[in-house]
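Student: Dropping the structure in here first, questions after.
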């Protein structure tokens, strides 16, 4: 724990966790509530499929780029002021997206929305790291994964229903309202002022020389990259390849949400017994199995009635694996650090979201679904090899 964390009441701890969960839900919903409406949005504003996929990649990249700056702001000015600043930016950008009329406005506002999303997500995680460590940290981060469940399943369901009834613009209105809730909640939280710590190149040099930190952060980033690449293509796969309306695609979000909930519950129950590193390994193997199933769909000429359930099984399996891998990778990356662990959370987030952003930029270029699925499988296989290597933790 950070100095002063032991003086924080249980009620405040619960408020911090709830606020961080709300932030994660809003930040992830910026993608999931948006996915079902992408084809309709593109038709309305004259944006091509490539531009729409780019809007997903842009979001991931710009959510990653400023996270260290948000971390430094949280160290210098306090967690709550940094969180609120990021949250206000996210809310305003989300509201503005509801009235866009062209592709440049879409991409520009997605950049601003992403900057805010990256801020609330990383500062929320820093607040949790201030209060928990070790297996308890992994368990609390698994709660964030459960918040991801709400965003993954609920966001897609809401997006599908909203798009099919009142139109895609109202999805952004819903998102702005949901994001305002954790911002208001944060204003009611009183935390000790963080101790001044070194946040410059010396910290970065030490972290990037730490094999445990790097390997764990990269493992989480590759897992995140795989999920983002699937999300990026999924709307067009279900609409174009399987000829399904947006509301049906949205309902599939319940399956993904259940898979993520299952993985997060598995982590909370098992991590104290087997450790975060073992859980990382299990998650990586499960993700690889899911990606293999996705590849089978495009490698073999299957009728749609067979291909659809196999694709769904692969998507669900991969999601369960990511829910197992991700919180353990984040906890394993920073729990052993004696000092600077909170700012290390922001560097970890930069690596993880940065890798996902780089991977998502390749999405529009991978026009063939077999090539796309083979890249997913290769990334998942590389992750299995990465988490199998020994680290420098004692």
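The values are calculated or read from the model by the stated rules, or taken from the named source; none is laboratory data. Since the structure is predicted, the reported quantities are computational estimates derived from the model, not experimental observations. Here Cβ is always computed from backbone atoms with ideal geometry, including for glycine, and neighbour counts include all displayed protein chains.
Student: Need the failing condition index for residue 262 against (1) under 29 Å from residue 333 (Cβ atoms); (2) crowded, with 18+ Cβ neighbours inside 10 Å; (3) at pLDDT 80 or above; (4) touching a helix residue (DSSP H, G or I) at 6+ places or on another chain (Cβ under 6 Å), just the number.
Tutor: Failing condition for residue 262: (2).
Student: Is it fair to say residue 99 is more than 26 Å from residue 366 (Cα to Cα), surrounded by fewer than 24 Cβ atoms within 10 Å (Cβ to Cβ) and over 21 Å from the mean Cα position of the chain (by Cα)? Lay out the reasoning, then the answer.
Tutor: On the way: more than 26 Å from residue 366 (Cα to Cα): yes; surrounded by fewer than 24 Cβ atoms within 10 Å (Cβ to Cβ): yes; over 21 Å from the mean Cα position of the chain (by Cα): yes.
So residue 99 passes the test.
Student: So which of 80, 122 ends up being in contact with a helix residue (DSSP H, G or I) (Cβ under 9 Å, 6 or more places away or on another chain), modelled with pLDDT under 95 and surrounded by fewer than 24 Cβ atoms within 10 Å (Cβ to Cβ)?
Tutor: 80
Student: Do we find a residue being at negative phi, crowded, with 22+ Cβ neighbours inside 10 Å, under 18 Å from the mean Cα position of the chain (by Cα) and assigned to a helix (DSSP H, G or I) anywhere in the stretch 294-316?
Tutor: Checking the stretch 294-316: at least one residue is at negative phi, crowded, with 22+ Cβ neighbours inside 10 Å, under 18 Å from the mean Cα position of the chain (by Cα) and assigned to a helix (DSSP H, G or I).
Student: While we're on this one: Determine, yes or no, whether residue 305 is without any contact (Cβ under 8 Å) to a residue 24 or more places away in the chain and closer than 16 Å to residue 256 by Cβ.
Tutor: Details: without any contact (Cβ under 8 Å) to a residue 24 or more places away in the chain: yes; closer than 16 Å to residue 256 by Cβ: no.
So residue 305 fails the test.
Student: Looking at the stretch 32-51, which of its residues are over 14 Å from residue 109 (Cβ atoms) and surrounded by fewer than 24 Cβ atoms within 10 Å (Cβ to Cβ)?
Tutor: If the condition is that a residue be over 14 Å from residue 109 (Cβ atoms) and surrounded by fewer than 24 Cβ atoms within 10 Å (Cβ to Cβ), then 39, 40, 42, 43, 44, 46, 48, 49, 50 are the ones that fit.
Student: I'd like to verify a number: residues in the stretch 126-140 that are modelled with pLDDT under 75 and not in a helix (DSSP H, G or I), how many?
Tutor: Going through the stretch 126-140 one residue at a time, the tally reaches 1.
Student: Name the single residue, out of those in the stretch 58-72 being surrounded by fewer than 23 Cβ atoms within 10 Å (Cβ to Cβ) and in contact (Cβ under 8 Å) with a residue 40 or more places away in the chain, that is nearest to residue 233 (Cα to Cα). Give the steps one after another, and end with the answer.
Tutor: Looking only at the stretch 58-72, we keep the residues that are surrounded by fewer than 23 Cβ atoms within 10 Å (Cβ to Cβ), and these are 58, 61-62, 65-66, 68-69, 72.
If we keep only those that are in contact (Cβ under 8 Å) with a residue 40 or more places away in the chain as well, we get 58, 61-62, 65-66, 68, 72.
Values: 58: 15, 61: 17, 62: 19, 65: 23, 66: 26, 68: 29, 72: 34 Å.
Checked the stretch 58-72; the qualifying residue nearest to residue 233 (Cα to Cα) is 58.
Student: For the structure I just gave you, tell me whether residue 358 is modelled with pLDDT under 75 and assigned to a helix (DSSP H, G or I).
Tutor: Spelling it out, it is not the case that residue 358 is modelled with pLDDT under 75 and assigned to a helix (DSSP H, G or I).
Student: Right, here's the next one. Can you pull out the residues in the stretch 240-253 that are more than 12 Å from residue 315 (Cβ to Cβ), touching a residue at least 60 places away in the same chain (Cβ under 8 Å) and part of a helix (DSSP H, G or I)?
Tutor: 241, 246, 247, 248, 250, 251
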